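Only the coordinates and a few stated rules stand behind these numbers; no lab work does. Keep in mind that this is a model prediction, so the values were computed, not measured. Neighbour counts run over all protein chains shown; Cβ positions are idealised from the backbone, glycine included.
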Amino acid sequence: MTYTTDEMMTVAAARSLRDGTSCFVGIGLPSTAANLARATHAPDLVLIYESGCIGAKPGQLPLSIGDGILAETADSLVSVPEIFNYWLQPGRIDVGFLGAAQLDRHGRINTTVIGDYADPKVRLPGAGGAPEIATACKDVVIIVRQSKRTFAERLDFVTSAGRPSMIITDLGVLRPRDGEFVLTQVHPGIEVSQAIEATGWPLRVSADLSTTEPPTPSELTALRRLTG
Amino acid sequence: MTYTTDEMMTVAAARSLRDGTSCFVGIGLPSTAANLARATHAPDLVLIYESGCIGAKPGQLPLSIGDGILAETADSLVSVPEIFNYWLQPGRIDVGFLGAAQLDRHGRINTTVIGDYADPKVRLPGAGGAPEIATACKDVVIIVRQSKRTFAERLDFVTSAGRPSMIITDLGVLRPRDGEFVLTQVHPGIEVSQAIEATGWPLRVSADLSTTEPPTPSELTALRRLTG
Amino acid sequence: MARIASLAEAVGELVHDGDQVALEGFTHLIPFAAGHEIIRQGRTDLTLVRMTPDLIYDQLIGAGCARKLIFSWGGNPGVGSLHRFRDAVQHSWPVPLEIEEHSHAGMANRYVAGASGLPFAVLRGYTGTDLPKQTDTIKPVSCPFTGEVLTAVPALNPDVTIVHAQRADRKGNVQLWGITGVQKEAVLAAKRSLVTVEEIVDELEPRPNAVTLPGWVVTMVAEVPQGAHPSYAHDYYVRDNEFYKQWDAISRDRDSFGQWLAEIR
Amino acid sequence: MARIASLAEAVGELVHDGDQVALEGFTHLIPFAAGHEIIRQGRTDLTLVRMTPDLIYDQLIGAGCARKLIFSWGGNPGVGSLHRFRDAVQHSWPVPLEIEEHSHAGMANRYVAGASGLPFAVLRGYTGTDLPKQTDTIKPVSCPFTGEVLTAVPALNPDVTIVHAQRADRKGNVQLWGITGVQKEAVLAAKRSLVTVEEIVDELEPRPNAVTLPGWVVTMVAEVPQGAHPSYAHDYYVRDNEFYKQWDAISRDRDSFGQWLAEIR
């Protein structure tokens, strides 16, 4: 089966989630990947949305983090203060699954402004739940399309500063080595030079660089059923 | 109809509650009086119990502040942290209705120990909700049987230190004058000397001392239906 | 006991120029009809408070009702940017917009402090971010027992909070269910409150996952069927995702937004 | 996912000598059966935590399981005193009992801080009382914004929390309803947790006013019908008020208590 680079990215992200763990899910790419994991190898993955839905089991992908289907299928539905204070903050959630508008070699994220804060070139949406998701979860994974604009040499604003263990992109996977994210994995058919070209800092390549297993037909079928 | 001094006390306490207000109710005498008010002149009195029951409407008197009938008839049922933090603490409740093991001329209450704290003669139950009920409600009323032991010259321990507007007893009513509780009202058939005799400090008597209206037959009927 | 009134009457009485106003609802039950009524009544100089400004504040900001925005995430969920919000921040159009920016955890805790009658709340938040440099309502606080340094945020106590709910009874007791977000806290934190509801009923039967706000903590209730459209009301109607997408085009330039505004007014 | 086990197995595995143990339930759903099992297994040196010690801790204290009690109201509700608690405090029988005494508001907030992963909580509390003179876990804290002085109490994070609930499913998801007190906070604050339930069912259907604890935050679940007796389980059985009254006589002297204890053991 043929597949897109976005599909490869989502499949790679889904695979990073272990069954039986809990995942605090951001909307967009992270939500797609987390739901794919639940639909494939991790049926007992606990999906937690900041709208207060714990253990949501949507059959179709939600468009927002507060869709009715998340509430209807949740094991437990709590208030927004409670989801942040009782569930996220104490560090009881295994993985935070986040997107990013801009990030740097340390895995810090900017979703606030491009340009000067007081007089921005582009005003982005802002922090949302990310600063605390990035620091409170036991592990953090970022899912984002790789480009020079997104993978920036310098952030105009630090919105979230966690210690992600992985950045999963449409080109490959980056992991931290000596305090800096380096390319450790490329997806099938992607050249290392493409990843370097799509990175705003001089991207180092790990000596043990590997190639991602391509999506299996069953992964692709499950993904297309979710998004279709 | 004949009546006991306890019945007179409960009726006098019930009358102090205005319809349409909210009352944080301690168990025992306060609960009886608050439910009598609701059964007579104050059908829209909102009864709030520290177990998390807001707007409870028990048909029979509860034996504890956590009886099932309180939960079943409440307008809203919340957790114990919520009842203290969102409902009591901000001062949104009109009246706190409290009992007392021992109190002084300033209306401060001891329900902790008789004797030395570290080596008490009698260990009492302790504070419960009282310290915060006594300071957070807009108004505080104490309902307690009057005796030399209860109305103490000196407290061995200050458990709650609010500013009650009234102490309603089986003998009469005390109100604060110049920072000290004085006798402002006696129940029918009670001599002022009895009240003085039953008080551990030199009880002053207000110049405008009045006599409580005796319980009406309908008040007594309602009370006996509740307690019977 | 809450007073039951028309939406126009309630907004007229409760929302004043210059007020700090919170319209809450986390994706679900967003009080759009009340927002439109504020636009219709021409309120100005408002300080708008909301975790996720969403389309509702894009509309109020574009209409020139707001002087300041206190928020934590200002996007069109699943679609993209809020163009009127951007235009106000980037080009002061139609009027300059001051911003006070937090994280969701910070905003939620500010409402909790407000509802609790406390001047501030404590959280583990904003670690390593640039937000405290720009937002002076984020400060350190030390634990008196362990000495650990945590983050403090001040209480929010809006002049008026407006939320939408599924039902109220005739005494103004309000019931909402599904995702209930931060609405209880926002109402309890406010000096005055308005709840718009899908319907007023004789009796509120108990329901799973329902929040009940007693009528005596609500100032006014107005019956406004479809009052949360284009967001949704659980068990009444679904989210109008198409309108959320259309808003991107409507709001993108000042003229097409002006046309939308003329229709609302 | 919580592990389902027998009560004896669960207490044996989760409760160790010297542990800080919270058995919660505010009048309703008090985990008496688990308390009796702790007595049966002869645990000692426990620090017992509970807002309202009630008969359950009177029993544990009289049985010599406790070294320390952290609490806010130690009476027999509607009846009078807890005689075993009194005897321990007044006469160190059967062993000395250290006490750490708070108000309900303080205790509730200590659990909230524990559940929230914070080292302390802030409240308006203890004003004018002698409690801060005796209890060193009550301290002042200043608002970083207004300078106002409030009260701080440290988090409670019990080694193990035990609560009773109406139901669990086979994955250990727990559902309780009626008065739910401080149980959610007590479980989330604890390092380990045990929930005894009236019954284990295939499916937890949604219910009004229910709290659901997902199985992954509960360590073990044990099916113990009548496990809250003589307190009550909403929709299962009512409170045994007679036993509460009888306890006054049973507990009043050491001999009659000793007979009761022999039967339990």
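May I ask for the equivalent-ellipsoid semi-axes of the protein assembly as shown, computed as the square root of five times each C-alpha gyration tensor eigenvalue and listed largest first in whole Å?
52, 34, 24
Once you put a point 7 Å from the Cα of B:VAL205 and another 7 Å from the Cα of A:VAL192, both along the Cβ direction, what distance in nm separates them?
Modelled inter-label distance: 10.3 nm.
Under a GNM of chain A (C-alpha, springs under 10 Å), which listed residue has the highest mean-square fluctuation: A:ILE65, A:ILE133, A:ILE109?
Checking each option, the largest mean-square fluctuation is seen for A:ILE65.
Tell me, what ³J(HN,Hα) does each residue in segment D:59-69 have, in order and in whole Hz, if you take phi through Karplus 6.51 cos²θ - 1.76 cosθ + 1.60 with θ = phi - 60° and put x for Gly and Pro?
After applying 6.51 cos²θ - 1.76 cosθ + 1.60, I find 5, 5, 5, x, 7, x, 7, 10, 9, 8, 10 Hz.
Nm distances between the label at B:ASP44 and the same-position labels in the remaining copies, 7 Å along Cα→Cβ, shortest first?
5.4
Averaged across C:146-154, how many Cβ atoms of other chains sit within 10 Å of each residue's Cβ atom? Provide the component values of the computation, followed by the final result.
Details: counts 4, 1, 3, 0, 3, 2, 5, 2, 4.
The per-residue average across the peptide is 3.
Using Cβ counts within 10 Å as a stand-in for footprinting exposure, how do C:ARG265, C:ARG254 rank, fewest first? The partial results should precede the final answer.
Details: C:ARG265 11, C:ARG254 15.
Ranking C:ARG265, C:ARG254 by Cβ neighbours within 10 Å, fewest first, gives C:ARG265, C:ARG254.
Give the order of C:TRP93, C:TRP216 when sorted by the count of other beta carbons within 10 angstrom, beginning with the fewest. Don't skip to the end; give the middle numbers.
Details: C:TRP93 16, C:TRP216 21.
Fewest-to-most Cβ neighbours within 10 Å comes out as C:TRP93, C:TRP216.
How high is the FRET efficiency between B:THR221 and C:TYR237 when r is their beta carbon distance and R₀ equals 56 Å, given to the nearest 0.05? Show your work: numbers first, answer last.
Values: r = 51 Å, r/R0 = 0.91.
That pair, B:THR221 with C:TYR237, gives E of 0.65.
Give the separation of the Cα centroids, segment D:165-210 to segment C:219-265, in Å.
40
By DSSP, what percent of the beta bridges with both residues in the protein assembly as shown are antiparallel, rounded to the nearest 5? Intermediate results must be reported in sequence, preceding the final value.
Working: 71 of 166 bridges.
The antiparallel fraction comes to roughly 45 percent.
Treat each spin label as a single point 7 Å out from the Cα along the C-beta direction, and report the A:ARG145 to C:ARG3 distance in nm.
Placing both labels 7 Å beyond Cα along the Cβ direction yields 5.4 nm.
Extending each Cα 7 Å along its Cβ direction at C:THR44 and D:GLN246, get the distance between those two points in nm, one decimal.
For the pair C:THR44/D:GLN246, the computed spacing is 7.7 nm.
Over what distance in Å are the Cα centres of segment D:1-28 and segment B:125-195 separated?
42
If you put a point 7 Å past Cα along the Cβ direction, how far is that point for C:GLU199 from the same point in each other copy, in nm, smallest first?
For C:GLU199, the other copies' label points sit at 3.3 nm, shortest first.
Say R0 is 30 Å: what FRET efficiency, to the nearest 0.05, do C:ASP253 and C:GLU100 get from their beta-carbon distance?
Numbers: r = 27 Å, r/R0 = 0.91.
It comes out at approximately 0.65.
Just tell me which lysines come within less than 26 Å, Cα to Cα, of B:LYS121; anything on the same chain fewer than 8 places away is out.
Output for B:LYS121: B:LYS148, D:LYS68, D:LYS133, D:LYS245.
Relative contact order of segment C:31-87: what whole-number percent is it, with Cα pairs under 8 angstrom and at least 6 residues apart?
Relative CO of segment C:31-87 lands at 36 percent.
Which whole-number percentage describes the relative contact order of chain B, with Cα contacts under 8 Å and a sequence gap of 6 or more? Write out the running numbers ahead of the final one.
Values: 507 pairs, mean separation 45.1, N = 228.
Contact order relative to length: 20 percent.
By count of other Cβ within 10 Å, fewest leading, how are D:ILE200, D:ILE179 ordered?
Working: D:ILE200 14, D:ILE179 29.
Starting with the residue having the fewest Cβ neighbours, the order is D:ILE200, D:ILE179.
Using the crude model of +1 on Lys and Arg Cβ and -1 on Asp and Glu Cβ, and no other charge, please compute the dipole size for chain C relative to its Cα centre, in debye to 20.
The calculation lands at about 460 debye.
What are the label-to-label distances in nm, one decimal and shortest first, from C:ALA8 to the same spot in the other copies, with labels 7 Å along Cα to Cβ?
Inter-copy label distances (nm, one decimal, shortest first): 7.6.
Helix-only estimate, please: 222 nm mean residue ellipticity of chain D, summing -39500 (n - 2.57) across DSSP H runs of length 4 or more and dividing by its residues, to the nearest 500. Numbers along the way, then the final one.
Details: 9 runs with 81 residues, N = 265.
-8500 deg cm²/dmol, from helical runs alone.
Given a cut-off of under 8 Å on Cα pairs at least six residues apart, what relative contact order in percent is computed for segment B:1-58?
In percent, rounded to a whole number, it is 33.
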